[in-house]
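Visitor: Before I ask anything, let me first share the structure, which is written out below as structure tokens.
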Amino acid sequence: MSKPAATPPDWERYSADELEEAVRYHNRKYWIDNAPEISDPEFDRLVEVLRDKDPENAVLHAVGPAGADAESFDSETEKIAHDPPMLSLNKCYEEQTLLDWYDKFEGPALVTPKIDGVAATLRYDTHGELQVAATRGTGDVGEVMTEQARYVGNIPQSIDDGDLEVRGEAVMPVAVFRERFKHEYANPRNLTAGALKQKDPKKTANYEIRFFAFDLLGPRCDTESDKMRRLDELGFAVPEYELVERDEGQTYYDEVSENRATLKYETDGVVYKADDVAEQQRMGHTAHHPRYALAYKFAGDTGESVLHDVVWSVSRTGAINPVGIVEPVQLSGAMVSRVSLHNLAIMEQLGGDQGLTLGARVLMSRRGGVIPNLEEVIEPGDRPVEFPQQCPDCGAKTRRDNDVLVADHLEDCRSARLRQLRHFVSEMEIKGFGPKLLEQLYETEIVTSPPDFFTLTVEEMLPLERVGRKLAEKQIRRIDNARTVSAARFLRALGIDELSHHVSNILVDEYSSLDAIRSANPEELVELHTIGEIIAESVTTGLEENGELIDELLHHLDVEFPEDGDEEPEIPGSPLADRAVLFTGRMESMSRTQAKEEVEKRGGRCPSSVVRDLDYLVMGDADMEKFKTGWRTNKLKKVERYNNDGSQIEVIGESDFHSLLDDDDSLQGTLPIGDEK
């Protein structure tokens, strides 16, 4: 089994193409082969360096199990599909990111140490017998290891329940590794992966692997803590956990970090999950990670260095971003020579009254062992950092826009154009156009703007270096396959600042055509939930400035909006028409999704949280009885505050909600709160 290299590579010296290849290789070694050759922090650093050099590289969207090459699986091993997929966790390296995440949901989070093992799943049949066990694999597809799981000592072979799935982490206890294997193998995780792939399943028992459960699929549980209690009752080992409110999130992290050496298993951070399952369903997930969970990784090393220079690079959006060049310093096992300085305000804060200066002695860190960060200036230097007066690529005059350096870039601004092209093909999912090929197309003036892709021919590509007829024909087919595109994807491909996945979906849900979206003004967009003034201004300005580009693209593309012909017509005359309704807690007669559909059929809307113009907050009848005796949740407290400030939000029970659905406007159980004075 391979061991991590003694000295990690200096990724800063690699080209973008080499970094992309390295990410693909090490991603596959971790998720498919279960034999990583570099540490997790070092892999994260590799990804960050590629993100810095080529932020639009398509491989950045494929990091994790879903991006690994499933064909690399052992062809002799049985495969099994995961439904739902076993996704990765989004990462965080500082308290503010954690706090921002907490603000996205109601209630506490269930928090556990992040076990560094091999993710696996166990399925039990209707009789409670272990039916199949499998690794995570790609996240969508895993390798079956049922017989090996029968020799993992603490995995129950039968349970007092059935037709369920248990997900968790297989690990080798630190004590076992240190006593028996540390002189021969790189780390416990590698050895665990090997133990679960033994051709002779009985040999798996020799490694004393243990399984910790952290998720339960099948039985209805209202909270994550309910799941953990049920898993414990069924006989599964579960990691230590606590329910932690927002203000205590950092404290718990600090405690785990301080005591990590005493844990029985390796851990590299702390996992936070929104406790309320209904809140999880509301938050949803991306293709890569659930939005309701977060992995707060442990901090990396710190060290002193000297700031020698600041270089400036042009981003896809035209912003000119600063990067610090420092005296190489070894942090978390790697030599660091470049550090992101983020924006002008942060540079000024770091430098104090003098501003940031060259020759300054600075404190460096790699947050989570990954991201190079300039923490503070220990001793100022003797030369001030000067902001460039011209774009480093096209010479256009620069200006400050809030905390960002921008410019009205000239038509031939190479960096901005190339980043725009990379972003476009990435969002449109037109594969095969790597940095080198795009550079050739741009330098030869064959493709200088996104519409040029759709007039590209095989003959134009053939003279390019390392492009034969077969490759050229393949790329043209890929372009042709992208000529029909969803409206949300088209909007994201434009590369407009703040026009993210979330915002594009909101626009497509709200408007029925591109013309309607393009003619919307900032005041209209601000009225849409979660779109603030900055986003609204950026999106409308961006759409206007890219008007010519949009018109050119529409000559080549068929932009599709969601089908709405199958939707049920609205029920006229309902008291829910034009009303805002939010649901909390559990109802007996229907799910939240079904309830929302009923509201929307009647012309109402369902915001995702308590807002000032909310009309009804609906809860189950059982909760309504508790509410009448003074019981309050965070949502109810928020309703109370808004009503005291003049809102008129009514709290109703499930039975009264059904009265509204039946067009009966006599609400006997309606209770306004907060305005009793």
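Visitor: Kirkwood Rh and Cα-based Rg: tell me the resulting Rg over Rh for the chain, rounded to two decimals.
Guide: Taking Rh as the inverse mean 1/r over Cα pairs, Rg/Rh reads 0.98.
Visitor: Given a Förster distance of 25 angstrom, what is the FRET efficiency for Arg180 paired with Asn259, based on the Cβ-Cβ distance and rounded to 0.05?
Guide: 0.55
Visitor: Can you classify the stretch 302-407 as rounded, prolate or oblate using the Cα gyration tensor, where a ≥ b ≥ c are the square roots of its eigenvalues, rounded means a/c under 1.5, and otherwise it's prolate if a/b beats b/c and oblate if not?
Guide: Prolate, because a/c is 1.5 or more and a/b exceeds b/c.
Visitor: Convert 25 °C to kelvin, take the viscosity as 0.890 mPa s, use the Kirkwood radius over C-alpha pairs of the stretch 428-482 as Rh, and evaluate the Stokes-Einstein diffusion coefficient in µm²/s, rounded to a whole number.
Guide: 220
Visitor: Hey, another quick one. Pairs of alpha-carbon atoms within less than 8 angstrom and 6+ residues apart define the contacts here; what relative contact order does the stretch 79-297 have, in percent?
Guide: 32
Visitor: Can you find, among Leu441, Thr629, Pro607, the residue farthest towards the positive end of the dipole of the chain? Put +1 on the C-beta of Lys and Arg, -1 on that of Asp and Glu.
Guide: Leu441
Visitor: Note down the magnitude of the dipole of the chain about its Cα centre, charges +1 on Lys and Arg C-beta and -1 on Asp and Glu C-beta and zero elsewhere, to the nearest 20 debye.
Guide: Approximately 2600 debye in magnitude.
Visitor: If you take the Cα atoms of the stretch 405-449, find Rg, then find the Kirkwood Rh from the mean of 1/r over all pairs, what is Rg/Rh?
Guide: 0.99
Visitor: Under the rule of -39500 (n - 2.57) per DSSP H run of 4 or more residues, summed and divided by the residues of the chain, what mean residue ellipticity at 222 nm is obtained, to the nearest 500 deg cm²/dmol?
Guide: Mean residue ellipticity at 222 nm (helix-derived): -9000 deg cm²/dmol.
Visitor: Still on this structure, I have one more. Give me the number: length gained by fully extending Asp382 to Arg414, i.e. 0.36 nm times residue separation minus the C-alpha to C-alpha distance, one decimal in nm.
Guide: The span from Asp382 to Arg414 would gain 8.2 nm if fully extended.
Visitor: How big is the dipole moment of the stretch 394-472 about its Cα centre under a simple scheme where the beta carbon of each Lys and Arg is +1, that of each Asp and Glu is -1, and everything else is neutral? Debye, nearest 20, please.
Guide: 280
Visitor: If only Cα atoms are counted, what is the Rg of the stretch 485-560, and what is its Dmax, in Å?
Guide: 11.3, 33
Visitor: What is the distance, in nm, between label points placed 7 Å from the Cα along the Cα-to-Cβ direction at Arg477 and at Tyr25?
Guide: 2.9
Visitor: Can I ask one more? Note down the nm distance, to one decimal, between modelled labels 7 Å out along Cα→Cβ at Arg605 and at Gln648.
Guide: 1.9
Visitor: Given that compact globular proteins tend to follow 2.2 N^0.38 Å, what is the ratio of the alpha-carbon Rg of the stretch 79-297 to that value?
Guide: 1.01
Visitor: Find which of Ala396, Pro372, Pro384 sits farthest along the positive direction of the dipole of the stretch 302-407, computed with +1 on the beta-carbon of Lys and Arg, -1 on that of Asp and Glu, about the Cα centre.
Guide: The one lying farthest along the dipole's positive direction is Ala396.
Visitor: Before anything else, pin down the relative contact order of the chain: Cα pairs under 8 Å, at least 6 apart, normalised by residue count, whole percent.
Guide: 9
Visitor: Suppose every Lys and Arg Cβ carries +1 and every Asp and Glu Cβ carries -1, with no other charges. What dipole size does the stretch 79-297 come out with about its Cα centre, to the nearest 20 debye?
Guide: The dipole of the stretch 79-297 has a size of about 1180 debye.
Visitor: Then there is this: Residues in the stretch 92-109 near a label at Glu248, defined as backbone nitrogen under 12 Å from the 7 Å Cα→Cβ point?
Guide: Taking a point 7 Å out along Cα→Cβ of Glu248, the residues of the stretch 92-109 whose backbone N falls under 12 Å are 108-109.
Visitor: Label Glu18 and Glu548 with points 7 Å out from Cα along Cα→Cβ: what is the distance between them in nm?
Guide: 4.0
Visitor: With a cut-off of 16 Å, note down the residues of the stretch 271-285 whose backbone N falls inside the zone around a label point 7 Å from the Cα of Ala622 toward its beta carbon.
Guide: 277-278
Visitor: How long is the gain from Val323 to Asp215 if the chain were fully straight, where each residue apart is worth 0.36 nm and the alpha carbon distance is subtracted?
Guide: 34.7 nm
Visitor: Place +1 on the Cβ of every Lys and Arg and -1 on the Cβ of every Asp and Glu in the chain, take the dipole about the Cα centre, and give the residue among Leu554, Ala278, Ser513 whose Cα lies farthest towards its positive end.
Guide: Value: Ala278.
We did not get these values from a lab; they are worked out from the coordinates using the rules stated. This structure is a prediction, so every number in the text was calculated from the model and none was measured. Here the Cβ is made from the backbone with ideal geometry for all residues, glycine too, and neighbour counts use every protein chain on show.
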